Amino acid sequence: MSQPQLRRGPSRPDPDPHLPHGPRPARIVRWLGGLGCVAAGYAVFQSLVGVLPGSIDGESARYAIAVVSGLATAVAAWLSAALLRSRYADSDSDNPPVLTGQLPGTASALSGPGPLPALFSAAYDTLAEQVCVVDDPVRGRLTGWAHSLGESGPGRPTSVGTAYGLHIMLDLGMPEGRIGAGDLVDTLWRLRLPDGGWSARSQGSEPRPEVTALVLGALARAGASRERLAAEVTVCEAGFTHELDRTGRELTHVVTTVLRGLLRAAPGSDALPLLRDALVEGAVTDPRRQHRRCWGYRLAPFHGPPSPLHTAQAVVALDRAARVLGGESANGRAAREDGVRWLLACPDAPHDDCLDLANLREEVRRPRTDDPSRHEVLNVRHFTASWVVRALLTPGAREIAREDGLEEEWRERLNGAVSAVWAGQTDGIWTWVRDDTSELRRPMWMTYQGLSALRAHAVWVYQPNG
């Protein structure tokens, strides 16, 4: 097993002038500022002169009351304007903050939507244009996507590409009928291997649990029947044992992927508590971050160095397991909470380009069943920033930050990770630079993870007006 290779994340983006910079002064204050404090005071003076009763002793007394009231109004308006100018000075500077977790005020909202709807629309348009439709002589009509968009040669739907595409369509809400969820679901069933399960394109004809769980999770989200899913869950569970897949059972990425997929497809599976416990037991401690528990790329020695990517994956899986399965042990809860605190303890800065957001690549090397002397090699690349966003947005992470008084650190690291996710896309599609060349690839999994992270953040920051 080779160690994952670190690769630095995307560079910091220039601030987007269309993103919200925080609430703006109220309309009445802007009107007073435009009219002028003196004019406001004079208006009050004129009004009082006209309405004060004649019973007040003397014309001079009436004018004195009006003058004092007008001056008071002018001073109050000036002070209000000065206070607001001081408060919002930072928002008008040359480097306004982006993605602060604040929604624009009512006046800003009237000027038009933010950039996210346009990004989602552009992503959908690209996916609709590049969907592959193939009439296979054995499997029938296939509708879906290859592993990456824009691959050379004739496109052909794969299990991995189509499963991530279905996840994207479900996240986007299927805005119209150019892509049908039913066609994608049918295709995934047709891509099922003869003996059950699914595999990646480079894994040949032997089913692998991480790919099977990915597909089952997508099918479950799309509403596939529990009975049909149950048969494939059984195949997945039967093959994911220490005896049959020792390599997979020792890898954090594989175990968390299977755990998340089965939590969607078979929340009552007997394998879930076992996988959850194995994940907890595979944690390591990091003396550089207060001996907090975290995760490396392996759950068994050699674990590898502490990894923000694998720690985030473990936090997401354990948080979801705690909510679905219940009965979380004290040790499991402590490990999950330590993982969150470990992520919050990132010492690097700025947090939109820190080492904790560096992308990772790892190899999954399994002995081939037909020839144990040879290995099947699956290259797995990880979009670290998207996983950090998802981990910090889990309900458990927000509770820990609030209980520990770390809400500022939590928000700072979350906003940095969201900014890094945003920087990696062009018109809603994310790109990965190949390790050995300057070639840009647009893998479906990366676009799904980017869109999913931005969508989760947008849901979190939403606050209805009024």
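A short reminder: the numbers here are calculations on the coordinates, not readings from a lab. Note that the structure is predicted; figures quoted are calculated from it, not measured. Here the Cβ positions follow ideal geometry from the backbone for every residue, glycine too, while neighbour counts run over all protein chains shown.
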Given the C-alpha atoms of segment 389-466, compute the convex hull and give its volume per residue in Å³.
123
Once segment 261-404 is represented by equal point scatterers at the alpha-carbon sites, with solvent omitted, what log10 I(q)/I(0) does the Debye formula produce at q = 0.10, 0.11, 0.13, 0.16 Å⁻¹?
-0.37, -0.45, -0.62, -0.90
So how compact is segment 197-315: Cα radius of gyration and Dmax in angstrom?
14.9, 48
If we sort 312-325, 383-396 on the protection proxy, mean other Cβ atoms within 10 Å, highest first, what's the order?
383-396, 312-325
Sorted by chain and then number, the residues having a modelled amide H within less than 5 Å of the amide H of HIS375, at least 5 places away or on another chain, are ARG368
Karplus 3J(HN,Hα) series, Hz, for segment 143-148 with 6.51 cos²θ - 1.76 cosθ + 1.60 (x for Gly, Pro):
10, x, 9, 6, 4, 10
Taking every pair of Cα atoms in segment 240-281, average 1/r, invert it to obtain the Kirkwood radius, and report Rg/Rh to two decimals.
0.93
